[in-house]
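A quick write-up on the structure given underneath.
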Amino acid sequence: MKKRFLLISVLLIPLTGCDFINDIINPPDPPNPPEPPIVDGDELKIIALEMKGRYGDSFLVQYNNFDMLVDAGTESDEETVKAALDKYVVDKTIDIVMLSHFHSDHIGAMQDVSFFKDINMNIDMFIDPNTKPTSKTAENYVAMRDSFIDEGSKYITYYDLINDAQYGRKITIDEEANIYLEFFDTGEVATPLEEVSDLNASSIACVLNYNNAKVFMAGDLPSAEETKLIESMDKSEKEYFKETNFVLYKTCHHGSKTSNGDELLTYVKPDMIFTMSGILSSNQENAPLEDQHPYIEAVERMSKYCTSIYWSSINGESTFTSKGDAFAFTSLGRTVDYYVDGEIVNREEEKDISFLDSAWYKSLKTNI
């Protein structure tokens with residue numbers, strides 16, 4: 001048997017040639033392993049939701065497994081916000097729910113524990129101004145918040161973030177990646193359960209920092225408080241708004257003409273701007289557009305500093321993504337129509353454009 005095997009081997013060698021021997025002596029390199037799949041991570045995302053109710057304000061902040069909900073829109077936005085949380089918060093834990101102030105267009109959707117429990121969401125922490133509830137909507141929110149606190153959720157007031165040394169005006173999201181929130185004194189930070197005459201003035205103001213990427217947000221803060229805010233940011237000596245940084249500016253008060261003043265805009269130097277508010281039902285009809293938030297006067301003012309201005313009611317749900325430098329913009333396209341000169345404006349054509357290029361802006365500019 002052995003002799004027969006040897007004979008076959010000798011006969012096969014000439015047939016296979018020298019490559020056979022070379023492959024045994026010098027085996028070829030193994031094939032390259034397949035490229036690993038691209039994993040979505042290390043990106044900071046700001047997801048601005050398309051609001052349905054009058055005014056309305058709600059967006060998500062995400063970094064890997066960190067999720068923060070900032071405001072929750074009007075009662076009409078409940079299903080929109082819940083659907084977004086169910087879609088994007090895959091681990092079913094919202095690390096921070098931050099309510100800028102107690103107006104119904106910012107807290108109206110979350111009126112009961114069912115808002116979160118229907119989609120099996122856990123809440124790790126609440127942050128809000130803790131002003132005295134002066135409406136049924138605010139009372140409902142506080143009752144809902146307190147129910148979660150009783151179950152173990154943490155709670156920090158804006159007043160404590162500004163005044164309690166243990167916080168140092170800062171909440172760290174990812175220390176290694178240098179991602180944190182820094183909070184600033186607007187001069188109108190309410191003491192706990194203070195009854196304030198202007199809820200907009202009590203809005204939380206902060207900067208979200210990720211290396212050279214900065215996100216400015218200040219709820220519905222009016223222009224009167226913007227000077228105090230600038231002084232507070234100056235004292236931090238962080239130079240958030242130096243030329244080498246990329247600043248994503250979330251408009252104050254949905255792009256109101258009584259906010260977003262030149263002094264603040266000159267200080268912040270925005271590179272990209274986003275705003276939220278629902279299209280009023282009167283502006284969804286086949287009739288001339290009426291001016292609404294964002295107001296043309298405010299947009300004109302902001303456009304002197306930046307032309308990349310996005311409104312979620314033009315672009316639909318919009319995502320701003322950064323890896324610690326510039327933000328990139330993508331959108332899903334709006335779901336609500338509006339008319340110009342008797343024609344519905346094409347949703348797809350306006351999906352990715354700046355508000356300055358929209359038929360809405362051009363129509364109102366023509367009629368000013």
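The values are calculated or read from the model by the stated rules, or taken from the named source; none is laboratory data. Here the structure is a predicted model, which is why all the values come from computation and not from measurement. Heads up, the Cβs are rebuilt from the backbone with ideal geometry, glycines too, and the neighbour counts pull from every protein chain shown.
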Original post:
Quick one: in the range 234-251, which of the residues that are in a loop (DSSP other than H, G, I, E, B) and not charged (D, E, K, R) is surrounded by the fewest Cβ atoms within 10 Å (Cβ to Cβ)?
Top reply: 244
**OP:** With the condition kept exactly as written, say whether any residue in the range 192-200 is part of a strand (DSSP E or B) and either among the hydrophobic types (A, V, I, L, M, F, W, C) or more than 23 Å from residue 240 (Cα to Cα) (or both).
**Re:** no
Original post:
Among the residues of the range 73-89, is there at least one that is part of a loop (DSSP other than H, G, I, E, B), surrounded by fewer than 19 Cβ atoms within 10 Å (Cβ to Cβ) and at pLDDT 95 or above?
Top reply: no
**OP:** Out of the residues in the range 329-349 that are in contact (Cβ under 8 Å) with a residue 12 or more places away in the chain and under 14 Å from residue 289 (Cβ atoms), state the one that is nearest to the chain's Cα centre (by Cα).
**Re:** 336
Subject >> Test set (1) more than 18 Å from residue 70 (Cα to Cα); (2) outside any loop (DSSP other than H, G, I, E, B); (3) touching a residue at least 60 places away in the same chain (Cβ under 8 Å); (4) β-branched (Val, Ile, Thr) - residue 215 fails condition number >> reply: (1)
**OP:** Check the range 187-195 and report whether any residue there is touching a residue at least 24 places away in the same chain (Cβ under 8 Å), more than 20 Å from residue 251 (Cβ to Cβ) and surrounded by 18 or more Cβ atoms within 10 Å (Cβ to Cβ).
**Re:** yes
Original post:
Can you tell me which residue in the range 346-359 is surrounded by the most Cβ atoms within 10 Å (Cβ to Cβ), limited to those that are in contact with a strand residue (DSSP E or B) (Cβ under 7 Å, 6 or more places away or on another chain) and among the hydrophobic types (A, V, I, L, M, F, W, C)?
Top reply: 355
Original post:
Considering the range 252-310 alone, what residues qualify as being part of a loop (DSSP other than H, G, I, E, B) and free of Cβ contacts under 8 Å to residues at least 12 places away in the same chain?
Top reply: 290
**OP:** May I ask you to list the residues in the range 157-191 that are outside any strand (DSSP E or B) and of a type in the set (A, V, I, L, M, F, W, C)?
**Re:** 161, 162, 165, 177, 189, 190
Original post:
In the range 317-340, what count of residues is obtained for those that are within 20 Å of residue 215 (Cα to Cα) and either in contact with a Ser or Thr (Cβ under 6 Å, 6 or more places away or on another chain) or assigned to a helix (DSSP H, G or I) (or both)?
Top reply: 5
Original post:
Just for the range 37-65: of the residues that are farther than 16 Å from residue 320 by Cβ and out of contact with any helix residue (DSSP H, G or I) (no Cβ under 8 Å at 6 or more places or on another chain), which one is surrounded by the most Cβ atoms within 10 Å (Cβ to Cβ)?
Top reply: 64
